[in-house]
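Some notes on the structure that comes next.
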Amino acid sequence: MTFNGLIRDLKKTVGSSKIIFSNEELQVYAGDASYDLINHTPDVVVLPETVDDVIKVVRYAKAYKVAITPRGAGSGLAGGCTPLSGGIVLDMKRMNAIIEINRTNLTATCEAGVVLAQLHRAVEKEKLFYPPDPQSKSICTLGGNISTRAGGPRAIKYGTTGHYVLGLEIVLPDGEFIKTGNICLKHSVGYDLTHLFTGAEGTLGVIVKADLRLLPKPESQRTVIITCESVQQAADLIGDIVRAGIIPSTLEYLSRSPIKLFNKNIKPPLKEDGGAYLFVKLDGSKVGINDDLKKLEEICTETNSIDIRIVDNKNAALYWQMRANLYPMMVAQNDKIIPEDVTVPRDKIPAFIEKVKKISEYYKMKIGISGHAGDGNMHPSIIIPDRDKHTESEILMVIHEIIKSGLDLRGNISGEHGVGVLKSEFSYLELGERQIEVMKRIKKAIDPQGIMNPGKIWKN
Ligand SMILES: Cc1cc2nc3c(=O)[nH]c(=O)nc-3n(C[C@H](O)[C@H](O)[C@H](O)COP(=O)(O)OP(=O)(O)OC[C@H]3O[C@@H](n4cnc5c(N)ncnc54)[C@H](O)[C@@H]3O)c2cc1C
């Protein structure tokens, strides 16, 4: 199929107003928010507005064996929506209707292009709660969240996106439409296809709609900042907190360097002599939170933490806003940031941080460490202040070492960002060839032509 033929046919299939093909605009679709090692422009972008549009485009792609890459907001950090083989990018952002919020059933039904913060606002108006909260919530879409099993700080208490997906509507690579699951809270009929497509990174089909589970909105919340003497003390504290029956809705680990940045805005400033910092949010009933606060203070006193600050709710938003903006702040100050995403068992956090420090020293590359410590999901960020200072192969070596360190501690290569293309060469390290072979067979059964987001999750 020639370029002109492709554009002509797609115009006929869905209409000119749903197609982008100018060179400048296509550049925007060449990659996502990740490290820009691997980018590739598509031949054309289609912005479907209905399920029927998606079906027509996928049928066309099947007939001419053209690659299709589904895309949400492109906020991914693994290169998942990078159209490695060119072809068609399906930008889902126009399919953004919240179709139903069921207050009795505690479920929501949404199109895939709904922006996460839009859903948060809508359900919270009804005193309901959708817990998954990737820090990109103001831009990322539900389709992208579902396809990467996105997490976020609240995962320690509430789990990740996968725990809230009850059913999906999907256009398969042959253009057929299926509906898996439904808005029922229990489902025990056949293979769990809903959760096969959840986390499939757009390699098995295009998600067009989702049924999601909601919770009642917690009555209240409180924020606590704990300054610890060392990483070990912080890790021990996390264990103590959870063992005491306190399950914070958020339990974030930060090293000293971001605190110095935060202190430009925080009054009074946090102590800067800490070896590690825990940002804790408790939510639930007011009575329950007060009990937890008392226990938390006792634990911190017993373990000699340097400082515990209970932040009043009026000021808490500032702390969390700065935590959420840490990555964009680092991006703004440096030439390049490569945010890694490795999960280790909670008790292995100090050992992992120690290993990362050694890697940083050995390769003379600055690596900042923060993470959703409550669930062991660590985000070492490789900081490249000057692009010319390190070669790409050096950077890849450091990524490899960080990933290996996590795996050696019985961790995994991604807790929430997915594999995409950036980690596709590492997936065999965790999964092994046999498991990847099983995945390849599933892929072949659903997408025999290999047109759906090719080149992702594993290296061929
Ligand atoms: C500042 C910042 C903070 C972040 N914080 C977090 C965090 O706390 N937790 C976290 O988990 N992630 C985080 N991320 C990563 C990213 O936002 C998530 O991976 C998010 O889920 C991606 O959503 P998206 O709509 O941008 O998807 P995209 O990046 O567009 O796509 C991601 C993947 O999903 C597939 N896909 C998208 N839509 C569909 C669909 N409708 N059907 C089938 N496949 C589809 C794509 O093909 C691709 O493989 C962060 C990113 C940034 C930039």
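Quick note: the coordinates plus some simple rules give every number you see, no bench work behind them. This one's a predicted model, so the numbers in the text were calculated from it and none came from an experiment. Cβ placement follows ideal geometry from the backbone for every residue including glycine, while neighbour counts extend to all protein chains displayed.
Assuming R0 = 41 Å, what is the FRET efficiency of LEU185 and GLN449, from their Cβ-Cβ distance, to the nearest 0.05?
Details: r = 37 Å, r/R0 = 0.89.
That pair, LEU185 with GLN449, gives E of 0.65.
So which aspartates and glutamates can LYS389 reach, going by Cα to Cα under 17 Å and dropping same-chain residues fewer than 8 places off?
Cα-Cα hits under 17 Å: ASP36, ASP335, GLU361.
Relative to the Cα centre, what is the charge dipole magnitude of the chain, using +1 at the beta carbon of each Lys and Arg, -1 at the beta carbon of each Asp and Glu, and rounding to the nearest 20 debye? Could the numbers behind the result be given before it?
Numbers: 58 positive and 55 negative charges, 132 e Å.
Charge dipole of the chain: 640 debye, to the nearest 20.
Under a cut-off of 17 Å between alpha-carbon atoms, report the aspartates and glutamates in cross-link reach of LYS56, not counting same-chain residues fewer than 8 places apart.
The reachable aspartates and glutamates, counting only those whose Cα sits under 17 Å from LYS56, are ASP9, ASP91, GLU169, ASP174, GLU176, ASP447.
Determine, for each peptide in 84-95, 189-200, the mean count of other beta carbons within 10 angstrom over its residues, then list the peptides with the highest first. Let's see the in-between values first.
On the way: 84-95: 21.9, 189-200: 16.7.
In descending order of packing, they fall as 84-95, 189-200.
Given LYS137/LYS336; LYS348/LYS423; LYS186/LYS295, which pairs have Cα atoms separated by over 26 Å? Before the final figure, lay out each step's value.
Values: LYS137/LYS336 22 Å; LYS348/LYS423 22 Å; LYS186/LYS295 36 Å.
As for pairs spanning more than 26 Å Cα to Cα, those are LYS186/LYS295.
Go ahead and estimate [θ] at 222 nm for the chain from helices alone: -39,500 (n - 2.57) per DSSP H run with n ≥ 4, summed, over the residue count, rounded to 500.
Details: 15 runs with 167 residues, N = 460.
The per-residue figure over the chain is -11000 deg cm²/dmol.
Rounded to the nearest 5, what is the percent of antiparallel bridges among the DSSP beta bridges in the chain? Provide the component values of the computation, followed by the final result.
Working: 60 of 68 bridges.
Beta bridges within the chain, antiparallel portion: roughly 90 percent.
Rank the residues SER405, SER257 as a footprinting-exposure proxy: fewest other Cβ atoms within 10 Å of their Cβ go first.
Details: SER405 22, SER257 15.
Going from least to most buried by this count: SER257, SER405.
Cα centroid distance between the stretch 265-326 and the stretch 149-217, in Å?
Comparing the Cα centres of the stretch 265-326 and the stretch 149-217, I get a distance of 34 Å.
Residue separation times 0.36 nm, minus the C-alpha to C-alpha distance between GLN27 and ASN315: what's the value?
99.6 nm
Applying a 10 Å radius around every beta-carbon, put 114-120, 324-330 in order of their mean neighbour count, most first. Write down the numbers at each step before the final one.
Values: 114-120: 20.6, 324-330: 17.0.
Top to bottom by mean Cβ count within 10 Å: 114-120, 324-330.
For the stretch 185-294, which GluC sites (Glu not before Pro) pass both filters: DSSP loop (anything but H, G, I, E, B) and at most 15 other C-beta atoms within 10 Å? Could you put the intermediate results ahead of the total?
On the way: sites: GLU201, GLU219, GLU229, GLU252, GLU272; in loops: GLU201, GLU219, GLU229, GLU272.
Answer in residue order: GLU219, GLU229, GLU272.
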